[in-house]
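Colleague: Pasting a structure below so you can have a look.
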Amino acid sequence: MRGWLVLLFTVAVVFPQPRRERSPEDNNPLAGRPEAVEAGRKLFLGVCSACHGPNGEGGRGTNLTHGRLVRGVSDRELRNSIRAGIPGTDMPPSPLPDEPLWQIVAFVRSLSTPAAESHVRGDPDLGRGLFFGKAGCTSCHMILGRGGFLGPDLSNIGLDRSLRQIEVAVLDPNERLATGHQGATVTLANGTSITGVIRDQTNYAIQMLDAAGRAHRLASQDVRSLEMNARSLMPADYSQRLSKAEIQDLLAFLSRQAVRTRPEVAP
Amino acid sequence: MNILLLAGLLVAQVRYEDIRQGPSENWLTYAGDYAAQRHSPLKQVHRGNVGSLTAQWTYHIDGARKLEAVPLVHDGVMYVTGTNEVHALDARSGRRIWRYRDDKVKRQSVNRGVALLGDRVFFVTSDANLVALHRTTGALLWQSQYAETSKGYHATLAPLALKDRVVVGVSGGDSGMRGFVAAYSASTGEQLWRTYTVPARGEPGAESWADFPVEWGGAGTWLTGTYDADLNLLYWTTGNPWPDFFGGDRKGDNLYSDSVLALDPETGKMKWHFQFTPHDTHDWDAQAFPVLADMNWQGRPRKLLMQANRNGFFYVLDRVTGEYLRATPFVDKLTWASGVDAKGRPIEVPGMDPTPNGNRICPTVRGAANWMSPSFNPETGWFYFPALEGCDIMTSSAKKPEPMAGFAGGGGERIPSEPGKFYLRAIDPLTGARRWEYPMTGPTTMWAGTVSTAGGLIFFGDDDGHLVSVDARTGQHLWHFNMGQPLSASPIAYMADGKQYVAIAAATDVFAFALFEPAKPVPLVPETVK
């Protein structure tokens with residue numbers, strides 16, 4: 001089965017232009033159902049991940065998490081591409097019947113669907129309490145001005161990331177280090193040291209942010225040494241610190257952080 | 001929270017008093033200071049050494065096509081915008097500290113920059129959201145939608161921060177909307193006041209529109225205003241009435257289009273107004289920011305307000321009362337008015353409206369001047385700005401106005417046999433006399449402005465994509481650099497770590513220049529991983 005689903009991206013080119021109006025028959029009958037997404041994820045891991053990666057982020061095959069690549073086509077067009085393959089590419093046809101194909105479509109859609117638009121189990125109010133309390137997230141992360149400086153701002157995380165991406169970031173922060181947030185200690189030529197995160201680093205200059213939110217602009221000639229953290233500053237043990245239900249509550253809260261979906265300020 | 005609040009206070013604050021003080025090592029507001037003189041006190045770079053200015057760094061903004069932002073600089077960090085995004089840079093190396101990008105905005109308009117206050121950075125998205133970010137991290141603090149795209153609005157300007165508030169305006173006047181200026185709380189994002197530039201029925205000035213619908217009158221407010229902290233008066237300019245080129249449905253002066261408004265920043269209440277071009281049919285927005293200076297006017301000290309208007313006249317007003325003092329033509333190609341009367345009203349030449357078949361009118365639709373930043377050097381006492389000598393064929397259409405559909409009631413066309421020409425001109429505001437001019441070559445497509453420095457220099461972007469430096473007293477060329485890109489922004493001067501820089505955003509990149517120094521070898525930093 002290796003190779004099928006490769007270059008799914010090219011469906012955007014293969015399908016006729018201009019795009020016709022979509023009808024209800026174009027929609028996935030299983031769209032948005034958590035159990036279908038989960039079943040699709042298992043199928044995907046079995047037959048698609050060799051090329052598209054376990055999280056759909058690409059490898060030999062195309063990255064499927066960029067919304068604009070798969071959002072331009074209907075569910076039916078996605079299913080047809082998986083079923084028939086894409087001529088002229090490494091993407092082979094699939095013998096699967098309709099239901100598992102729709103499950104895969106549901107999972108592929110979830111990869112690029114912002115968490116704010118996904119169904120998330122859990123209680124966001126309890127999640128808020130965890131975020132600003134017991135879970136300790138605000139020692140590094142900020143939401144609308146409340147919290148710390150070193151981690152990525154999460155004010156709009158529900159629109160910026162899919163549910164899956166948020167879940168991986170919470171449970172396995174070392175799976176991918178957030179660019180611009182890698183922990184480090186710099187020792188300056190005058191002997192003082194600065195601990196914080198590296199926002200940018202070249203052979204000639206380093207930009208750092210410390211835990212107090214101060215930006216440091218350093219020229220390399222003023223730096224004696226640089227010690228980088230191999231692992232994320234984010235604790236990797238949230239699956240032990242929090243119960244499964246609490247994790248879901250936290251994910252539900254984070255998924256709702258979407259500034260643009262809030263009501264407009266009245267004139 | 002206490003620890004976090006304390007941490008926040010450790011971040012160096014941009015205080016209102018700092019902005020009020022004017023440019024120093026920093027460049028803290030769109031026009032350099034509230035008076036909008038765009039005059040930097042820095043003189044490390046001066047007439048005698050500007051010839052050895054060299055490029056220090058370039059910062060590319062992905063996807064940019066026409067940057068119009070004026071970068072702001074505080075404490076060695078530069079803040080610059082593209083469309084729906086803000087970048088914070090190390091102003092010495094040009095390397096990025098953070099970037100904030102809102103890719104959920106459906107509209108893509110140009111953006112002219114940020115405002116700084118306290119620990120915050122403010123900017124507007126194309127769909128008129130005012131956004132507050134944390135200054136050292138770019139974290140989102142609040143966001144307020146202050147105008148709706150469904151009512152014809154969008155946004156391009158750099159906000160103006162003063163005291164505890166942030167003031168914004170709106171774009172969209174070329175296809176119908178109702179202009180306004182609004183102030184928001186810098187700490188919470190709540191609206192404090194809103195003042196419309198087209199009066200509602202029954203309000204003073206409404207009679208100047210006949211029966212034209214208020215909500216489509218235009219009079220946009222798309223450029224940052226200026227402010228007199230002593231008088232506590234905000235000066236905000238307004239754009240054209242809509243439809244731009246056909247006035248038959250809006251008989252009257254169309255207040256407060258093409259005007260400067262003096263507003264109380266506490267309440268938004270209008271103290272006075274002055275209309276440069278009543279009943280405009282040429283799309284001559286009065287948008288250039290007013291420049292404030294205290295000068296000896298005909299034997300007595302006065303607080304003056306100056307503007308080189310798109311309609312071809314250089315105006316001087318008393319900014320305390322709004323009294324008109326003088327208007328002088330600053331271009332030779334000026335056919336629509338023979339002068340300005342004693343009350344400040346143009347003396348219009350009959351037959352100089354656009355017509356269905358086209359009418360040759362000077363200046364062009366782009367205007368004899370426009371929003372490109374002017375500057376004022378208190379040492380010479382002169383006003384420096386790019387002037388465009390040119391004429392267009394302007395047409396009109398009496399078609400029923402359809403708002404938000406790109407309809408402007410006509411338009412303007414270039415005259416192939418009569419190409420225009422840009423000049424950098426120096427004017428003495430006390431007499432209106434031209435002191436010198438520096439002609440530019442090029443396609444007359446640039447939108448770049450000027451900055452003045454205490455080194456006796458004027459830096460400006462020219463019509464061929466050069467950053468140029470000339471002597472402020474003589475206009476003599478001293479230095480230039482080919483940016484390789486068209487210019488639509490204005491330069492600034494700042495100091496970082498003891499070194500003076502001049503920077504400008506070109507079409508797709510920000511460039512910074514400083515005096516030449518031989519490079520020294522940089523040792524590699526020993527790096528370990530723990």
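Values in this text are rule-based calculations from the coordinates and carry no lab data. On a predicted model such as this, the values are computed, not experimentally measured, just so you know. Note that each Cβ is placed from the backbone with ideal geometry, even for glycine, and that neighbours are counted across all protein chains shown.
Colleague: Considering only residues that are touching an Asp or Glu at 6+ places or on another chain (Cβ under 7 Å) and exposed (fewer than 15 other Cβ atoms within 10 Å of the Cβ), look in the stretch B:416-444 and name the one that is farthest from B:VAL110 (Cα to Cα).
Modeller: So, considering only residues that are touching an Asp or Glu at 6+ places or on another chain (Cβ under 7 Å) and exposed (fewer than 15 other Cβ atoms within 10 Å of the Cβ), the one farthest from B:VAL110 (Cα to Cα) is B:THR441.
Colleague: Give the number of residues within the stretch A:153-170 that are at the interface with chain B (Cβ under 10 Å from one of its Cβ atoms) and surrounded by fewer than 20 Cβ atoms within 10 Å (Cβ to Cβ). Reasoning before the result, please.
Modeller: Of the residues in the stretch A:153-170, the ones at the interface with chain B (Cβ under 10 Å from one of its Cβ atoms) are A:153-156, A:159-160.
Checking which are surrounded by fewer than 20 Cβ atoms within 10 Å (Cβ to Cβ) leaves us with A:159.
So the count comes out to 1.
Colleague: Does the stretch A:191-207 contain at least one residue that is more than 14 Å from chain B (Cβ to nearest Cβ), touching a helix residue (DSSP H, G or I) at 6+ places or on another chain (Cβ under 8 Å) and either assigned to a helix (DSSP H, G or I) or of a type outside the set (Val, Ile, Thr) (or both)? First the steps, then the outcome.
Modeller: Taking the stretch A:191-207 and keeping what is more than 14 Å from chain B (Cβ to nearest Cβ), we get A:191-192.
Now narrow it down to the ones that are touching a helix residue (DSSP H, G or I) at 6+ places or on another chain (Cβ under 8 Å): none.
No, the conditions are met nowhere in the stretch A:191-207.
Colleague: What number of residues within the stretch B:58-81 satisfy the criterion of being more than 13 Å from chain A (Cβ to nearest Cβ) and either among the basic types (Lys, Arg) or crowded, with 24+ Cβ neighbours inside 10 Å (or both)? Write out each step before concluding.
Modeller: Residues of the stretch B:58-81 that are more than 13 Å from chain A (Cβ to nearest Cβ), as a first pass: B:58, B:60-72, B:80-81.
Filter again for either among the basic types (Lys, Arg) or crowded, with 24+ Cβ neighbours inside 10 Å (or both), leaving B:65-72, B:80-81.
The number of residues fulfilling the criteria is 10.
Colleague: Mind listing whichever residues of the stretch B:130-153 are polar (S, T, N, Q), in contact (Cβ under 8 Å) with a residue 12 or more places away in the chain and more than 8 Å from every other protein chain (Cβ to nearest Cβ)?
Modeller: Here is the first cut: in the stretch B:130-153, the residues polar (S, T, N, Q) are B:136-137, B:143-145, B:149-150.
If we keep only those that are in contact (Cβ under 8 Å) with a residue 12 or more places away in the chain too, we end up with B:136-137, B:143-145, B:149.
Within the stretch B:130-153, B:THR149 is the sole residue that qualifies.
Colleague: Which of the residues that make up the stretch B:177-198 are out of contact with any strand residue (DSSP E or B) (no Cβ under 7 Å at 6 or more places or on another chain) and buried (at least 24 other Cβ atoms within 10 Å of the Cβ)?
Modeller: none
Colleague: Can you tell me which residues in the stretch B:120-129 are part of a strand (DSSP E or B), touching a Phe, Trp or Tyr at 6+ places or on another chain (Cβ under 9 Å) and at the interface with another protein chain (Cβ under 10 Å from one of its Cβ atoms)? Steps first, answer last, please.
Modeller: Step one: filter the stretch B:120-129 for residues part of a strand (DSSP E or B), giving B:120-124, B:129.
Next cut, touching a Phe, Trp or Tyr at 6+ places or on another chain (Cβ under 9 Å) only: B:121-124, B:129.
Selection gives B:ASN129 alone.
Colleague: Out of curiosity, is B:TYR34 of a type in the set (Phe, Trp, Tyr) and either more than 25 Å from B:VAL167 (Cβ to Cβ) or surrounded by 23 or more Cβ atoms within 10 Å (Cβ to Cβ) (or both)?
Modeller: Values: of a type in the set (Phe, Trp, Tyr): yes; either more than 25 Å from B:VAL167 (Cβ to Cβ) or surrounded by 23 or more Cβ atoms within 10 Å (Cβ to Cβ) (or both): yes.
For B:TYR34, the condition - of a type in the set (Phe, Trp, Tyr) and either more than 25 Å from B:VAL167 (Cβ to Cβ) or surrounded by 23 or more Cβ atoms within 10 Å (Cβ to Cβ) (or both) - is met.
Colleague: Determine whether the stretch B:87-100 contains at least one residue that is more than 10 Å from chain A (Cβ to nearest Cβ) and touching a residue at least 12 places away in the same chain (Cβ under 8 Å). It would help to see each step written out before you state the result.
Modeller: Let us first name the residues in the stretch B:87-100 that are more than 10 Å from chain A (Cβ to nearest Cβ), namely B:87.
Adding the requirement that they be touching a residue at least 12 places away in the same chain (Cβ under 8 Å) leaves B:87.
Taking every residue of the stretch B:87-100 in turn, at least one turns out to be more than 10 Å from chain A (Cβ to nearest Cβ) and touching a residue at least 12 places away in the same chain (Cβ under 8 Å).
Colleague: Here's another thing I want to ask about it. Is it true that A:ALA211 is touching a residue at least 60 places away in the same chain (Cβ under 8 Å) and within 12 Å of chain B (Cβ to nearest Cβ)?
Modeller: Values: touching a residue at least 60 places away in the same chain (Cβ under 8 Å): yes; within 12 Å of chain B (Cβ to nearest Cβ): yes.
Criteria met by A:ALA211.
Colleague: Still on this structure, please answer the following. Any residue in the stretch B:97-112 that is within 22 Å of the chain's Cα centre (by Cα), surrounded by 24 or more Cβ atoms within 10 Å (Cβ to Cβ) and at positive phi?
Modeller: Start the filter on the stretch B:97-112 by keeping residues that are within 22 Å of the chain's Cα centre (by Cα), which leaves B:107-112.
Going one step further and asking which of them are surrounded by 24 or more Cβ atoms within 10 Å (Cβ to Cβ), we end up with B:111-112.
Those left that are additionally at positive phi: none.
No, the conditions are met nowhere in the stretch B:97-112.
Colleague: Quick one: would you say A:PRO97 is of a type outside the set (Gly, Ala, Ser) and without any contact (Cβ under 8 Å) to a residue 12 or more places away in the chain? Don't jump to the end; show me each part of the working.
Modeller: Details: of a type outside the set (Gly, Ala, Ser): yes; without any contact (Cβ under 8 Å) to a residue 12 or more places away in the chain: yes.
Here the answer is yes, as A:PRO97 does meet what is asked.
Colleague: Which of (1) surrounded by 18 or more Cβ atoms within 10 Å (Cβ to Cβ); (2) more than 30 Å from A:ASP249 (Cα to Cα); (3) in contact with a helix residue (DSSP H, G or I) (Cβ under 7 Å, 6 or more places away or on another chain) does A:TRP102 not meet, given it meets every other one?
Modeller: Here A:TRP102 clears every test but (2).
Colleague: Grab the strands (runs of 3 or more DSSP E) fully contained in the stretch B:430-500, keeping just those with 1 or more residues being touching a residue at least 60 places away in the same chain (Cβ under 8 Å) and in contact with a Leu (Cβ under 9 Å, 6 or more places away or on another chain).
Modeller: Numbers: elements: B:434-439, B:450-453, B:457-461, B:466-471, B:477-482, B:492-496.
Answer list for the stretch B:430-500: B:450-453, B:457-461, B:466-471, B:477-482, B:492-496.
Colleague: Considering every residue within the stretch B:172-187, establish whether at least one is within 12 Å of chain A (Cβ to nearest Cβ) and β-branched (Val, Ile, Thr).
Modeller: No, the stretch B:172-187 has no match at all.
Colleague: Among strands (runs of 3 or more DSSP E) lying entirely in the stretch B:1-107, which contain 1 or more residues that are out of contact with any Leu (no Cβ under 9 Å at 6 or more places or on another chain) and not β-branched (Val, Ile, Thr)?
Modeller: B:53-60, B:85-90, B:96-101
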